[in-house]
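J.: Next up is a structure, given as structure tokens.
The values are calculated or read from the model by the stated rules, or taken from the named source; none is laboratory data. Owing to the predicted nature of the structure, the values given are computational and were not obtained by experimental measurement. As a convention, Cβ positions derive from the backbone with ideal geometry for all residues, glycine included, and neighbour counts pool all protein chains shown.
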Amino acid sequence: MFAIGALLAWGWRSPAFRDAEGFFLGEVILPFGAVVGLTVLWAGRRAGWGAGAIWAALAVLGQAAVLTVIQAGPRVWYQHLRLGADLFESVRPVAVAVLVLQAVVVAWAGRDVAAAAVRALLGGGRLRTLLIVATFVLTAATLSRDLVFYAGELVVAALLQALQLWTVALAAARVPATVADRWGARLDRAPPGEGWVVALSLVVVAVTAALNAFSYEATPHVPDELVYL
């Protein structure tokens, strides 16, 4: 609880996470994401996830670190990874350190998971493997005018995506079999029909409404869309 309180205080009070007008910057996702990760760790341990809770928390923290190094904001533009000198400004070096540490520990602890994933990928034939890899890599980043930057961003973005997927797979693989079997039994008992579809639709609507209220200030994200209301 002390760590959660300290992270919340850091994110709320530090000037590094606010602009000149006092509004939050995107980098605030790092401490707040760490809070979510610690919450996942606490809840997962209580639910009996075992080591899976640790890796699930790392997946949340790692994704927060990825979002920290993405250049985004209120202006209308495509989002890109920060691959220049600004990558090492503000709190972004902390995010880079988190990603490096995540890569090291996941590569060390998740070799069996990676091997199983590679076997499954190659088992579908060369053409399917090539199509999957090409789709995964070519959709990892948005097009740029600078082709050299675009090529570099594709590689880095694809590696970051792979790292996060690897961490999630590792978390799932380290959940005790008894817990996984219990989850499977609950899914098997799920009511037939369209209940799940309706429930997921309601979740999407709730999340969208929350984003509109708290992130977009209850207005369309793109200013010129106001004329179409």
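J.: Please pick out the residue among 103, 116, 72, 97 that is modelled with pLDDT under 90 and either out of contact with any Lys or Arg (no Cβ under 7 Å at 6 or more places or on another chain) or surrounded by 11 or more Cβ atoms within 10 Å (Cβ to Cβ) (or both).
T.: Exactly one of 103, 116, 72, 97 is modelled with pLDDT under 90 and either out of contact with any Lys or Arg (no Cβ under 7 Å at 6 or more places or on another chain) or surrounded by 11 or more Cβ atoms within 10 Å (Cβ to Cβ) (or both), namely 72.
J.: If you don't mind, another one. Scan 92, 111, 82 and give me the residue that is charged (D, E, K, R), farther than 24 Å from residue 2 by Cβ and exposed (fewer than 13 other Cβ atoms within 10 Å of the Cβ).
T.: 111
J.: In segment 160-181, how many are surrounded by 14 or more Cβ atoms within 10 Å (Cβ to Cβ) and hydroxyl-bearing (Ser, Thr, Tyr)?
T.: 1
J.: Same structure, new question: Just need a number here: residues in segment 5-52 that are at positive phi and aromatic (Phe, Trp, Tyr).
T.: The qualifying residues number 0.
Residues checked against (1) more than 30 Å from residue 145 (Cα to Cα); (2) surrounded by fewer than 21 Cβ atoms within 10 Å (Cβ to Cβ); (3) not assigned by TED's automatic domain parsing to the domain that holds residue 145; (4) not hydrophobic (A, V, I, L, M, F, W, C):
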| residue | (1), (2), (3), (4) |
| --- | --- |
| 38 | yes, yes, no, no |
| 41 | yes, yes, no, no |
| 46 | yes, yes, no, yes |
| 65 | no, no, no, no |
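J.: Pairs please, first residue from segment 122-138 and assigned by TED's automatic domain parsing to the domain that holds residue 150, second anywhere and of a type outside the set (Phe, Trp, Tyr) and surrounded by fewer than 12 Cβ atoms within 10 Å (Cβ to Cβ), Cβ atoms under 7 Å, 6+ apart in sequence or on different chains.
T.: Going by the 7 Å Cβ cut-off, the qualifying pairs are 129/122.
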